[in-house]
Each structure stands twice: as structure tokens, then as C-alpha cells.
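Some notes on the structure that comes next.
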Amino acid sequence: MQPKSVIMCSLEQLKIDLKGLQEASVVLEYDLGDDYFSALDGSQLEHGALHVSVSIRKMTGFFDLQFHTEGVVTVSCDRCLDDMEQPIVADNHLVVKLGDTYSDDDDTVTIDENEGILDLSWFIYEFTMLAIPIKHVHAPGKCNSAMTQKLDELSGAVRSSEEEADAPIDPRWEALKKLKV
């Protein structure tokens, strides 16, 4: 079983005719770039370079798909809003069955038996989105310094020790400090 490698230029190449698979096991490989992300409607990601390997095993009554994705996508930093490269490494599993109508439940997808075509484009995108951490920030010291400085200036939590020593404390807060002990 030799992997078939495809350089992406169209989403049509991500459509697989499951009924037409001759071998019991097939490995497909895709190199996805900016054109892939721009071709997807509603994509939050616009730039990236991904290598996706899809292993398809034909079983009795269903197809077992294993996805392995590696690469980088461009996201905005939560702290300074500049673009940053986010590494992606993900392994995902999908079970596909042939049935009367399309349905998508958990890790099982049912596609129309008469058609037998599975479009991998949105599944790959969703798996990529799930691999992006909730919080994405530059490494320490790599954020846009002008934006970081402006954030520090506008932050109400940043006060110099001199300001804190000179500022009078409300007596109610002073009473609460005693309870804290």
C-alpha cells in the first residue's frame, strides 16, 4: 500500500468515492496551503501549510478513517493581535457508513449510499481548528512591543508602588483588610 500524494489546488481532490475503493486499505496524502483555506466558505483561518495523511480501511459495513495532520496555521495573538504561526499536530478518527441520508453523529458519519462520495475538506478543517489551543500568544518577548506598552498604559491593574503608597485608603477597605488575616 503506497501513499498517494496530492498537491492541493481544488477542493474536488478532497472528495473520495468510497464505493469505488478497490483496495481494503488506502493511504492518501494532501499538502494544503492558503488556497485550501480561501476555498472553504466560512473559514476563520486564511493562511497555513498542512500535510494531511488519511488512512482509509474498508471494513464490513463501514469505513475506518485515521487522519494525521502536521503543519502550521496563522492565527492572531490574543495579547498583541499580530499574526503568529501556530504549530498543528493532530490525530483524528472518523467512522463512515453508507445509508439512506446524510447524518453526522459524534465520530460516525453516514453518507448517501447511492452517491458514496465523502468530502474530507470540512472534516480536515474542523480537526485543524480543534488542534489550535484556546489561548494563543507569542513566546515571551515576541509580542508587538508598541501594543504591549499601550496595554500596560491602559490597564487599570498596573500602578506604581509610589502611587499606591501615596493614595489614601478608603476606611471600608481598611476594615476588610483586617478580616483577611
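Annotations for the structure displayed:
- Some residue of the range 130-149 being touching a Cys at 6+ places or on another chain (Cβ under 6 Å) and open to solvent by 60 Å² or more (accessible area, probe 1.4 Å): yes
- Long-range neighbours under 8 Å by Cβ, at least six apart or interchain, first residue on the phi > 0 side of the Ramachandran plot within the range 39-67, second basic (Lys, Arg): Gly61/Lys97
- Test result for Asp78, open to solvent by 70 Å² or more (accessible area, probe 1.4 Å), closer than 20 Å to Ala131 by Cβ and part of a loop (DSSP other than H, G, I, E, B): yes
The values are calculated or read from the model by the stated rules, or taken from the named source; none is laboratory data. Bear in mind the structure is a predicted one, so any value in this text is a computation, not a measurement. Cβ: placed from backbone, ideal geometry, glycine included. Neighbour counts: every protein chain shown. Note: accessible area is taken over every heavy atom of the protein model, side chains too, but ligands, DNA and RNA are not part of it. Shrake-Rupley method; radii C 1.70, N 1.55, O 1.52, S 1.80 Å.
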